[in-house]
1. Test Ile303 against the criterion of being surrounded by fewer than 24 Cβ atoms within 10 Å (Cβ to Cβ) and within 16 Å of the ligand (Cβ to nearest atom), and give yes or no.
2. Can you tell me which residue among Arg137, Arg60 is under 22 Å from Asp249 (Cβ atoms) and not β-branched (Val, Ile, Thr)?
3. What number of residues in region 266-294 are hydrophobic (A, V, I, L, M, F, W, C), open to solvent by 10 Å² or more (accessible area, probe 1.4 Å) and more than 14 Å from the ligand (Cβ to nearest atom)?
4. Any residue in region 342-351 that is of a type in the set (A, V, I, L, M, F, W, C), touching a Pro at 6+ places or on another chain (Cβ under 6 Å), surrounded by 22 or more Cβ atoms within 10 Å (Cβ to Cβ) and not in a strand (DSSP E or B)?
5. Out of all the residues in region 216-241, which are more than 10 Å from the ligand (Cβ to nearest atom) and open to solvent by 20 Å² or more (accessible area, probe 1.4 Å)?
6. Among what's in region 242-263 and is part of a loop (DSSP other than H, G, I, E, B) and of a type in the set (Lys, Arg), pick the residue that is most open to solvent (accessible area, probe 1.4 Å).
7. In region 71-119, which residues are open to solvent by less than 20 Å² (accessible area, probe 1.4 Å) and of a type in the set (Ser, Thr, Tyr)?
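The values are calculated or read from the model by the stated rules, or taken from the named source; none is laboratory data. Being a predicted model, the structure only gives us computed values, none of them experimental. A quick note on method: Cβ atoms are made from the backbone with ideal geometry, for glycine too, and the neighbour counts reach across all protein chains shown. Side chains are part of the model used for accessible areas, which takes the heavy atoms of the whole protein and leaves out ligands, DNA and RNA. Shrake-Rupley method; radii C 1.70, N 1.55, O 1.52, S 1.80 Å.
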Amino acid sequence: MNAIRLACLSLCVLAAPATAQDTAQARPAWALAIHGGAGVIERQDLSPEQDAAYRASLQRALDAGAAVLEAGGSALDAVEAAVRLMEDDPLFNAGRGAVFTAAGRNELDAAVMDGRTRNAGAVAGLTRTRHPIAAARAVMEQSPHVMLIGEGAETFAAARGLEQVDPAFFFTESRWRALERTLRDRSEPLPERPAGVPAPGAMAALHQAPLDERKFGTVGAVALDRSGRLAAGTSTGGMTAKRWGRVGDVPVIGAGTYASNADGCAVSATGSGEYFIRATVARDICHRTGGGASVQAAADSEIADVGSIGGDGGVIVMGTDGTFAFAMNTPGMYRGAVSSARPAAVAIYADEDLRP
Ligand code: ASP
């Protein structure tokens, strides 16, 4: 068992009172849950300003998704709306604020899935598309494919009219420092600072603050709409100092992202992607709910399973009755939930309770 899971052992079990949480939720007409990454996120590590900034950002993402669902919009639109906001927020490791590869680039991955049709779309290794989640959706809806990567994916996204930006758009000082630290620890050479980015010290203080690399800042959302349709979406910059075209679990359908109305579940994950791929986390959770497990029990069992092979992280899960669940084996996960039956609530640390 590694240090992250040791740190969490008692805390996270206490924070996941599975069946009590399921039964406490009223049946809503629509529901939305989001995450902004899991990891070693502890109270002493975040300043009051950072804590407040994360909560405010999660709240904005919930508000955006809730507005779509309240107005009768689709689960897919709500997922995309919530994820787009978090992609634009430099606090999270997705879109602007993504981590850097060892070569000093931002390479972005995303996926989306429609629970009713089990149609899915995914992209990997984008460097210029502002909203990778929109590119994943375009793959799903406007191509015969499920996954596009690299240059081809970017060409496709541009041809579909999705906003393209200079790669410098994704730069944040905090992620650059994290890259420098990681490469120094590995005794590997530092790449040149990318062209066109702000001078050192020029960004807002919040986006210069040192970041702990034991946090996974991927973002994701799961939703149920008024017509009973489930959807899931996830977006990430991956892992700091990744190399060789590394792709994690996020765009791998069934690993970091999955939705199936037939199985009564939609899932978005965050964590050490290699382990989440090996454990087929998101599909497994839906297999468990399809077999009759509650969303919380399914999430807890799967997190225990991925933990048993060395993986760290968390998941958000939505059921067809609007019951949602969070599970993690880390001391924290940026997360939030809202439904037609309960006001929005956000949390960071594992011991915070999101029950109504
Ligand atoms: N799961 C992501 C990956 O491995 C990382 C994260 O959750 O932040 O690419």
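1. Working: surrounded by fewer than 24 Cβ atoms within 10 Å (Cβ to Cβ): no; within 16 Å of the ligand (Cβ to nearest atom): yes.
No, not satisfied.
2. Values: Arg60 fails: under 22 Å from Asp249 (Cβ atoms).
It is Arg137.
3. Counting residues in region 266-294 that are hydrophobic (A, V, I, L, M, F, W, C), open to solvent by 10 Å² or more (accessible area, probe 1.4 Å) and more than 14 Å from the ligand (Cβ to nearest atom) gives 1.
4. yes
5. Arg226, Ser227, Gly228, Arg229 - these are the residues of region 216-241 that are more than 10 Å from the ligand (Cβ to nearest atom) and open to solvent by 20 Å² or more (accessible area, probe 1.4 Å).
6. Result: Arg243.
7. Hit for region 71-119 is Thr101, nothing else.
Listed here are the residues, each with its yes/no results for (1) acidic (Asp, Glu); (2) in a loop (DSSP other than H, G, I, E, B); (3) under 26 Å from Glu80 (Cβ atoms); (4) touching a Lys or Arg at 6+ places or on another chain (Cβ under 6 Å).
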position	(1), (2), (3), (4)
Phe276	no, no, yes, no
Asp284	yes, no, yes, no
Asp300	yes, no, no, no
Gly314	no, no, yes, no
